[in-house]
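Novice: Take a look at this one; I'll ask things after.
What follows draws every value from the coordinates through simple rules; no lab data is involved. What you see is a predicted model; the values in this text were computed from it and never measured. Glycine also receives a Cβ, built like all others from the backbone with ideal geometry; neighbour counts cover every protein chain displayed.
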Amino acid sequence: YFLLARIIEQVSGEKYADYLQKHLFSVADMRNSGVTTNDAIIPQKASSYCRTAQGYVNNPYINWEVNIGHDGIYSTVEDLYRWNKALFQGRKLISEASKTKMFTPYNDQHFGYGLIINPPYNQGHQLIAHDGGFFGVMTSFNWFSQDNLFIVVLSNNQSPSYLIAPALAGIVFGKPVTLPYHHVQVPANTQLYDDYVGKYENINILKINGKLCYNDEEIQLLPESDKKFFRADNPDRTIEFLSDKKGRVHSLLLTNAGLQVVKRKGK
């Protein structure tokens, strides 16, 4: 990204920030967007915070004079809505040929140019998306093109906007969504763990040193009941084991940021 910004400056003969303001932000009528500098006073700009083991702290100092192109753009939800309209529904920013290149997936990860096309969390709808983050900030940009639905979530404390956005889409599409709640760990009934171990489609449940783990030993599952667990690294991701009338476990119910999906256990 540093190199791309430098290419823009070399080809255009303009400073990176000036080029974006003139050819992108102004064209898209983005009145509260720009490129951060060390000295600029930006009205109503939110402070940003990083999360540590001891809690939240102020964002570390960043020298914006040398950190050009990689990040540093400030904006608002309203301005990003204008950007979405200008990019996807207008022709002032880029040509149709360039759009085709951007919106075509080129690898197994569904990436086009700068965008991800119909990722696995598209919930069966046409989705063009991009998530990003840096010290203290996280952003999720989602355009459901055939539904005329645009969802953007901005965070100034590194909260997982990339998880919140799909849950909001799920609400719009009428899917069952569980509301966030405080997870309380209870004593483990380890006698049941052997029944839970196995492969559930793309998820491995393991028993390591007497603990139940998700995919690898680094992600421990903490019990909130005999059958329901939350991930130690992210309590809003829960797993509930489902069994038949004879008590045999056949599936798990995975909840991720409110959205639920059932994963069948392999034989």
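Novice: Rounded to whole Å and sorted largest first, what semi-axes of the equivalent ellipsoid does the C-alpha gyration tensor of the chain yield via the square root of 5 times each eigenvalue? Write down the numbers at each step before the final one.
Specialist: Values: eigenvalues 343, 100, 52 Å².
Semi-axes (√(5λ), whole Å): 41, 22, 16.
Novice: For Ile164, what is the net charge nearby, where nearby means another residue's Cβ is under 12 Å from its Cβ and Lys, Arg count +1, Asp, Glu -1?
Specialist: Working: positive: none; negative: Asp131, Asp236.
Counting the neighbours of Ile164, the net charge comes to -2.
Novice: Can you return the aspartates and glutamates within cross-link range of Lys22? Criterion is Cα-Cα under 14 Å, with same-chain partners fewer than 8 residues away left out.
Specialist: Within the straight-line limit of under 14 Å, Lys22 reaches these aspartates and glutamates: Glu9, Glu14.
Novice: Counting only helical runs of four or more DSSP H residues, what would the 222 nm mean residue ellipticity of the chain come to if each run contributes -39,500 (n - 2.57) and the total is spread over all its residues? Before the final figure, lay out each step's value.
Specialist: Values: 6 runs with 51 residues, N = 267.
Calculated mean residue ellipticity at 222 nm is -5500 deg cm²/dmol.
Novice: Quote the charge dipole size of region 195-267 about the Cα centre in Debye, to the nearest 20; the model charges only the Cβ of Lys and Arg (+1) and of Asp and Glu (-1).
Specialist: 480
Novice: Please name which of Ile41, Asn67, Met102 has its Cα lying farthest along the dipole of the chain towards the positive end, using unit charges on Cβ (Lys, Arg +1; Asp, Glu -1) and the Cα centre as origin.
Specialist: Met102
Novice: Please state the charge dipole magnitude for the chain, taken about the Cα centre, from unit charges on C-beta atoms (+1 on K and R, -1 on D and E), reported in debye and rounded to the nearest 20.
Specialist: On the way: 27 positive and 25 negative charges, 161 e Å.
Here the chain has a charge dipole of around 780 debye.
Novice: Turning to a different aspect of this structure: Percent relative contact order of region 43-143, based on C-alpha pairs within less than 8 angstrom and at least six residues apart?
Specialist: It comes to 20 percent, rounded to a whole number.
Novice: Next question. Please name which of Leu80, Ser159, Tyr214 has its Cα lying farthest along the dipole of the chain towards the positive end, using unit charges on Cβ (Lys, Arg +1; Asp, Glu -1) and the Cα centre as origin.
Specialist: Sorting the options by dipole projection puts first Tyr214.
Novice: Under 18 Å Cα to Cα from Lys207, which aspartates and glutamates show up? Leave out anything in the same chain fewer than 8 places away.
Specialist: Asp194, Asp195, Asp216, Glu217, Glu218, Glu224, Asp226, Asp233, Glu240
Novice: Once you keep just the Cα pairs under 8 angstrom separated by 6 or more residues, what percentage relative contact order results for the chain?
Specialist: Numbers: 441 pairs, mean separation 29.0, N = 267.
Over the chain, the number comes to 11 percent.
Novice: In degrees from 0 to 90, rounded to the nearest 10, what is the angle of the helix 77-88 Cα long axis to the longest principal axis of the chain?
Specialist: Taking Cα atoms only, the helix is inclined about 80 degrees.
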